[in-house]
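To start, the structure itself, in structure tokens.
The values are calculated or read from the model by the stated rules, or taken from the named source; none is laboratory data. Not measured: the values here are computed from a predicted model. Quick reminder, even Gly has a Cβ in these numbers, built from the backbone with ideal geometry, and neighbours come from all protein chains shown. Protein only, heavy atoms only, side chains kept; ligands, DNA and RNA dropped before computing areas. Shrake-Rupley method; radii C 1.70, N 1.55, O 1.52, S 1.80 Å.
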Amino acid sequence: MWSQEPHTFHFFSYYLRRSLYASIVMIGVLLLIAYTVRWIGAAPFLYWDERIQAAIFPDTTAAHHKLLPVAVFITSFGSFRVSLLTALGIATLCWVYLRSRAYAFAVISSFTAMWVLNTLIKEVLQRQRPALQHLVEVGGYSFPSGHAMISMGFYGMVFAIWAIERKIHERSIFLPCVLGALLILLIGLSRVYLGVHFPTDIVGGYIAGIIWLVFTVPVIYRRAYLPYSLFSSTPGS
């Protein structure tokens, strides 16, 4: 149903506006959270960070460290290299197989926005990483977690597109919703397990990704169901 897209320009302009709004809100919310924490004091948040880290970060027992290869594998999905290859592969699939430039653009833009915005926000806030023995090599600052942002904002978009396609064909969206939620959760937990992020870094990354999805997924959803009429009739588009 996406082989003809007479209003592609209108879709792109509308999507880009929504992306801009999402970026502004995302930056504003995260800065508000960060400076509110500084104003009221970080002690309560560090208390919960440390308690959660104590439960998740591996102790000295061999049994606990057996999960290390699993955590490294899971966390790799949030790395720049793997997420880039995934973005290129899925965008190509959307373009060639589903014949949807809109899907492909949403995938690539979600990947790009998450990494660019995460780098920008980290440079502004400059929160140091946990003073734990990092089980993998990392660089840069800690808040918000880039892996959490990419898992929610990018992989969330991928699973949302899968769910939309299933809904269009009147199939259950249970599978993409469950698998998507599981992957997002595991990537976040892996970062705490590896000692490279505070739990609040993960929460911040998730919040940023959710804001992105709230603004952008409805555009994709409406485009899938109203490919010809919606964007040509949108005021100001």
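The set of residues in the stretch 123-139 that are touching a residue at least 60 places away in the same chain (Cβ under 8 Å), outside any helix (DSSP H, G or I) and either under 19 Å from GLY28 (Cα atoms) or in contact with a strand residue (DSSP E or B) (Cβ under 8 Å, 6 or more places away or on another chain) (or both) contains only ARG127. Within the set TYR103, TYR141, the sole residue that is open to solvent by 20 Å² or more (accessible area, probe 1.4 Å), in contact with a helix residue (DSSP H, G or I) (Cβ under 6 Å, 6 or more places away or on another chain) and of a type outside the set (D, E, K, R) turns out to be TYR141. Here ILE108 fulfils each of the conditions (1) at pLDDT below 95; (2) assigned to a helix (DSSP H, G or I); (3) within 20 Å of the chain's Cα centre (by Cα); (4) farther than 23 Å from VAL29 by Cα apart from (1).
The one condition from (1) of a type outside the set (A, V, I, L, M); (2) more than 14 Å from ILE207 (Cα to Cα); (3) in contact (Cβ under 8 Å) with a residue 60 or more places away in the chain; (4) touching a Phe, Trp or Tyr at 6+ places or on another chain (Cβ under 8 Å) that GLY146 does not meet is (2).
Only one entry in GLY156, GLY195, GLY236 is open to solvent by less than 30 Å² (accessible area, probe 1.4 Å), over 22 Å from TRP95 (Cα atoms) and either at pLDDT 95 or above or of a type in the set (Gly, Ala, Ser) (or both), namely GLY195.
When the criteria are applied in full, LEU120 meets the requirement of being part of a helix (DSSP H, G or I) and either open to solvent by less than 30 Å² (accessible area, probe 1.4 Å) or under 30 Å from PHE57 (Cβ atoms) (or both). Just one residue in the set SER76, SER83 is modelled with pLDDT of 90 or more and under 28 Å from ARG17 (Cα atoms); that residue is SER83. Of the listed requirements (1) at pLDDT 95 or above; (2) under 29 Å from VAL138 (Cβ atoms); (3) surrounded by 14 or more Cβ atoms within 10 Å (Cβ to Cβ), CYS177 misses just one: (2). Taking helices (runs of 4 or more DSSP H) as the structural unit, those lying wholly within the stretch 140-213 and holding at least 1 residues that are under 17 Å from ILE52 (Cβ atoms) correspond to 146-149, 174-193. One residue stands out among those in the stretch 1-57 that are in contact with a Ser or Thr (Cβ under 8 Å, 6 or more places away or on another chain), open to solvent by 40 Å² or more (accessible area, probe 1.4 Å) and farther than 30 Å from ARG99 by Cα: the one that is modelled with the lowest pLDDT, which is PHE45.
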